[in-house]
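One structure is given below, encoded as structure tokens.
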Amino acid sequence: MKRVNYLKEILPQYWHELVELVREQWQTNPLPIKLFLVMSFNLVIAPAVYAATGEELTRKAAYALGLLGCVTLGLSLYLFVVIFQPERF
């Protein structure tokens, strides 16, 4: 029986193919890509929050605070754009 590696068939093998795939997915489905980027950014922010608070917060609470900060920043940017460019909405 021949083993087939489906992951090699699905994922691109070169970086330019990966960039084209992400660009295509960004145009068709931007929300999942944006959520992925926010969650990835949270992986950078949460350890900084955890380190700044010391032992006062748990690791889970630090990740929640980092995600809350990302959502708050996103909403403030959205409202800033809506207030100053209402004709777009």
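The values are calculated or read from the model by the stated rules, or taken from the named source; none is laboratory data. On a predicted model such as this, the values are computed, not experimentally measured, just so you know. Neighbour counts are summed over all protein chains in view; Cβ atoms, including those assigned to glycine, are modelled from backbone coordinates with ideal geometry.
Per this entry, A52 is counted among residues that are out of contact with any Pro (no Cβ under 9 Å at 6 or more places or on another chain) and either hydrophobic (A, V, I, L, M, F, W, C) or not in a helix (DSSP H, G or I) (or both).
From the residues in the range 57-67 that are surrounded by fewer than 12 Cβ atoms within 10 Å (Cβ to Cβ) and in a helix (DSSP H, G or I), which one is modelled with the lowest pLDDT? Write out each step before concluding.
First pass over the range 57-67, keeping only residues surrounded by fewer than 12 Cβ atoms within 10 Å (Cβ to Cβ): 58-60.
Next, from what is left, pick out any that are in a helix (DSSP H, G or I): 59-60.
Values: R59: 82, K60: 87.
Taking the candidates together, the pick is R59.
Search the range 37-60 for residues that are farther than 24 Å from W26 by Cα and pair each with any residue that is part of a loop (DSSP other than H, G, I, E, B) when their beta-carbon atoms are under 7 Å apart and the residues are at least 6 apart or on different chains. What qualifies is Y50/L57.
Taken over the range 16-30, residues that are loosely packed, with under 10 Cβ neighbours inside 10 Å and either within 15 Å of C70 (Cα to Cα) or more than 17 Å from the chain's Cα centre (by Cα) (or both) amount to 1.
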